[in-house]
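Inspection log for the structure reproduced underneath, given as structure tokens.
The values are calculated or read from the model by the stated rules, or taken from the named source; none is laboratory data. Source: prediction; values computed, not measured. As a convention, Cβ positions derive from the backbone with ideal geometry for all residues, glycine included, and neighbour counts pool all protein chains shown. For the accessible areas, the whole protein counts, side chains as well, though only heavy atoms, and no ligand, DNA or RNA atoms are used. Shrake-Rupley method; radii C 1.70, N 1.55, O 1.52, S 1.80 Å.
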Amino acid sequence: MPIGLIALALGGFGIGLTEFVIMGLLPEVAADFRVSEATAGWLISGYALAVVVGALLLTAAVTRFERKPVLAVLLVLFVAGNLISAIAPGYGVMMAGRIIAALAHGAFFGIGAVVAADMVAPTKKAGAIAIMFTGLTAANVLGVPFGTMLGQAAGWRSTFWAITVIGVIALAGIITLVPRTGHGDTVPGTLRSELRAFRSGQVWLSILVTILGYGGMFGAFTYIAYTLTEVSGFAASAVPWLLIVFGVGLFIGNTIGGKAADRNVDRTLIVVLAILVVVLVAFALTAGNQVLTVASIVLMGGFGFATVPGLQMRVMTYAAGAPTLASGANIGAFNVGNALGAWLGGVTITAGLGYTSPIWAGAGITLLGLAVMVIAAARAKRPAAQQVSIGSEVAAYPVTALM
């Protein structure tokens, strides 16, 4: 395994921590700023929407530059945003800090995924992307639970101070461990060449699957602290440990999902999304049972994150020789899904439907994602989809997505 993948995973750990740790601390943040649950939830949705902006605009702005320095600059932006969050005197400044940190998120993972794929052989690209995203899963297994405990014990601001320090360490890792160029087959291209990737209908279908498939799981997870305490009957002190359980599921799902996607992307995504729908429905029905809730959390994390390597690889495959902007756009799509799920979950809670309603909403969104994925896979079987052309070039990535 190239050592640079470890550095990318380290950066992913810091960014994943700042994205997800807020969920375990949402009640404390809402109480401190004296805002409602739904308003506090916008610290999640606002972050997700800012990721979309950064994924598209920042990635587009840096396509001509060497990728390693770009990754370093993005981490500087990330550190600044978390520092602002740590010292925020009010809700508005906290939101500003979240947005600044989020602007780096999408571009980092979008560019980082291309760098990771370029470090390995063509048959191991999805696996390399999965390794980079291991940083996100590690953030959930270790960072989020312990960050939640730190925030509950010493105040939620202490968690953001810790994230700031982690960001500095991640920056050092990127500078020292990531090579300036991989030995893959892609190089930074022009904005015009990157935009041509969006002529592919499969790129757009893949992005839509990302929004719906990942958004369903995230919608169920956004208000998980309330579900666990108000429906399942767990004490607030148990939430960090339950988040560890969820993180274990993420780690297992990411690893297995990456390996399965290297064999067959479309079949992996269809199977995983179908099972995820079943898991979410079962969770909504059995959330009052603590034992079944724990099982549901593991499965939701596992099957929810098992989609990530395949979804990212599918977009990069059909974006062909100009994958950077499409990769960043798909990271943005993950966060459009995050915002959609968080918003819809907040709407159902505000409507008085209870703390299991976000899970039901998530199941419905995921079902739509499954339907789109089935359509995309069927279209991919057509002879015209066997190769993807960008201008006069044939796709540089192998179309592993075909069944």
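Filtering the range 118-138 for residues that are surrounded by fewer than 22 Cβ atoms within 10 Å (Cβ to Cβ), part of a helix (DSSP H, G or I) and modelled with pLDDT of 75 or more leaves a non-empty set. Annotation note: Cβ proximity below 9 Å between a residue of the range 326-339 that is on the phi > 0 side of the Ramachandran plot and a residue that is part of a helix (DSSP H, G or I) and open to solvent by 10 Å² or more (accessible area, probe 1.4 Å) (sequence gap 6+ or interchain) occurs for no pair. In the range 264-294, the qualifying residues are those that are more than 22 Å from the chain's Cα centre (by Cα) and without any contact (Cβ under 8 Å) to a residue 40 or more places away in the chain, and the one that is surrounded by the fewest Cβ atoms within 10 Å (Cβ to Cβ) is 291.
Listed by position, the helices (runs of 4 or more DSSP H) inside the range 2-89 whose residues that are closer than 20 Å to residue 160 by Cβ and without any contact (Cβ under 8 Å) to a residue 60 or more places away in the chain number at least 3 are 37-53, 67-87.
Between 306, 329, the distinction of being within 21 Å of residue 145 (Cα to Cα) and either among the aliphatic types (A, V, I, L, M) or surrounded by fewer than 18 Cβ atoms within 10 Å (Cβ to Cβ) (or both) belongs to 306 only. In this structure, residue 119 does not qualify as closer than 27 Å to residue 25 by Cα and out of contact with any Phe, Trp or Tyr (no Cβ under 6 Å at 6 or more places or on another chain).
One residue is enough: does the range 248-264 have a residue meeting the conditions among the basic types (Lys, Arg) and more than 24 Å from residue 139 (Cβ to Cβ)? Even if it seems obvious, please write down each step before you answer.
The initial filter retains those residues of the range 248-264 that are among the basic types (Lys, Arg), namely 259, 263.
Still in the list and also more than 24 Å from residue 139 (Cβ to Cβ): 263.
Yes, that holds for at least one residue.
Report yes if residue 216 is modelled with pLDDT of 85 or more, part of a helix (DSSP H, G or I) and small (Gly, Ala, Ser), otherwise no.
Working: modelled with pLDDT of 85 or more: yes; part of a helix (DSSP H, G or I): yes; small (Gly, Ala, Ser): yes.
Criteria met by residue 216.
One residue stands out among those in the range 352-403 that are in a loop (DSSP other than H, G, I, E, B), among the polar types (S, T, N, Q) and farther than 16 Å from residue 317 by Cβ: the one that is modelled with the highest pLDDT, which is 356. Residue 91 meets each of the listed conditions (1) open to solvent by 10 Å² or more (accessible area, probe 1.4 Å); (2) among the hydroxyl-bearing types (Ser, Thr, Tyr); (3) farther than 25 Å from residue 35 by Cβ apart from (3).
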